[in-house]
Each structure stands twice: as structure tokens, then as C-alpha cells.
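So the structure is just underneath, and the comments pick up after that.
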């Protein structure tokens, strides 16, 4: 069986690991890059290139579990040069929802701030602290004044994560909405990689 490497955003590690575990296939390796790369999207493509270069010759197939993630096409250019596929869509909110469905909801969701399970779990460390809202709460309006609601795209049914997402909405002074989306296109794409 071909050895496959999935190079993934650290924000997807738990979910991709769950898909691999459910498949029961040990020929899939997972290498996660730091989720904090999203704070500097210009660093995502070079980090993915370095991971691909480091894996050359050790795997028959490589798949990248990132969407564009704010790279402005830089990630796609790297992957095209190396003949490597990636997850569909502009960001994880789209592939968790399903890219077509997310795009169809575009206007209705225009003023929504999205959370995933990962972001609900890491809200303080990845949103509040990097934006300085813990030290300067007055910046809330500068960052979130145009938003109307927090939409939690739940991958799992977890009461603690629901509470964390609702608390995040309250912290930002926004309405709260929960949508259970499961793994959306993520699971299909990872399974396709596994079975391909």
C-alpha cells in the first residue's frame, strides 16, 4: 500500500486524526504545521513547501490539508509546482460547511465571525491575546464592530465547546448561532486521499 503524507494546519489535527483513525489505515502519516501561521498567512506557503521538500522520497503521495487560508494564491502556486492537491475552498469555514453551501450563504453570513471546534477551544490564545483584547478591551469595536454574530460551526456535539463558543460571542458582544456541520468536505477529501 502506498505511503501517504497529509501536511495539515494544526487547527485540523484532531479532526484529520479522527478520520484517519476511523479508517483504520496505518499507511497515512500526518504532519501538522502550527495553527499560528494563520496570524501571518504569508508564511503558510513557505512552511508547506519546506514540509513537502522534507517529505520527498519518503512518501508516494502528499496531500495538503489547508484551504487558501489568506495566502492570496501563494499556496496554490507552490502546490502546482509540486503536483500536490489541497482541500477545496478559501478557508476551513467553507470546507467544514461544504464549499458550495458556504458560498450560497455568502451574503447572509457577510457580518458573521466564525468559530470552529478548534477556535472555540483556543479562543483566548488565538483571538483575544494576539489582538490585545485582554489588555485593551476598547479595541473590541475596531476589530469586531462590523460583525453582528458569532457563528459556531460545530464539528462535534460537545456541551463544553458549545458553552465556550457562546462565551466567546458574549465576550465580543455579538449574537450567537450554532450550526452543526460535522467535518463537511474535510472528511470526504481526506477519505479520497486515503483511498486514492
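Being closer than 17 Å to residue 13 by Cβ, surrounded by 19 or more Cβ atoms within 10 Å (Cβ to Cβ) and at pLDDT below 90 is a property that holds for residue 87. Residues in the stretch 95-111 that are crowded, with 20+ Cβ neighbours inside 10 Å and without any contact (Cβ under 8 Å) to a residue 60 or more places away in the chain: 1 in all. Taken as a whole, the structure places residue 187 among residues that are assigned to a helix (DSSP H, G or I), touching a helix residue (DSSP H, G or I) at 6+ places or on another chain (Cβ under 8 Å) and in contact (Cβ under 8 Å) with a residue 12 or more places away in the chain.
Listed here are the residues, each with its yes/no results for (1) more than 18 Å from the chain's Cα centre (by Cα); (2) more than 17 Å from residue 112 (Cβ to Cβ); (3) modelled with pLDDT under 95.
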residue	(1), (2), (3)
139	yes, yes, no
143	yes, no, no
149	yes, no, no
154	no, no, no
165	no, no, no
170	yes, no, no
175	yes, no, no
189	no, yes, yes
196	yes, yes, yes
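Take residue 67 and decide whether it is without any contact (Cβ under 8 Å) to a residue 60 or more places away in the chain, buried (at least 18 other Cβ atoms within 10 Å of the Cβ) and either more than 30 Å from residue 158 (Cα to Cα) or outside the structural domain of residue 129 (by TED's automatic domain parsing) (or both). Considered against the rule, which asks whether it is without any contact (Cβ under 8 Å) to a residue 60 or more places away in the chain, buried (at least 18 other Cβ atoms within 10 Å of the Cβ) and either more than 30 Å from residue 158 (Cα to Cα) or outside the structural domain of residue 129 (by TED's automatic domain parsing) (or both), residue 67 comes out as yes.
Of all the residues that make up the stretch 73-89, how many are farther than 20 Å from residue 34 by Cβ and free of Cβ contacts under 8 Å to residues at least 60 places away in the same chain?
From the stretch 73-89, those farther than 20 Å from residue 34 by Cβ are 73, 76-77, 80-83, 85, 88-89; that's our starting set.
The next check asks that each one be free of Cβ contacts under 8 Å to residues at least 60 places away in the same chain; those that pass are 73, 76-77, 80-83.
So the answer is 7.
Restricting attention to the stretch 21-46, and to residues there that are under 13 Å from the mean Cα position of the chain (by Cα) and outside any helix (DSSP H, G or I), which single residue is nearest to residue 58 (Cα to Cα)?
32
Candidates are the residues of the stretch 18-45 that are over 20 Å from residue 183 (Cα atoms) and without any contact (Cβ under 8 Å) to a residue 12 or more places away in the chain; the one that is surrounded by the most Cβ atoms within 10 Å (Cβ to Cβ) is 43.
The values are calculated or read from the model by the stated rules, or taken from the named source; none is laboratory data. Worth saying up front: this structure is predicted, and the values here are computed from it rather than measured. Positions of Cβ are backbone-derived with ideal geometry, glycine not excepted, and every protein chain shown enters the neighbour counts.
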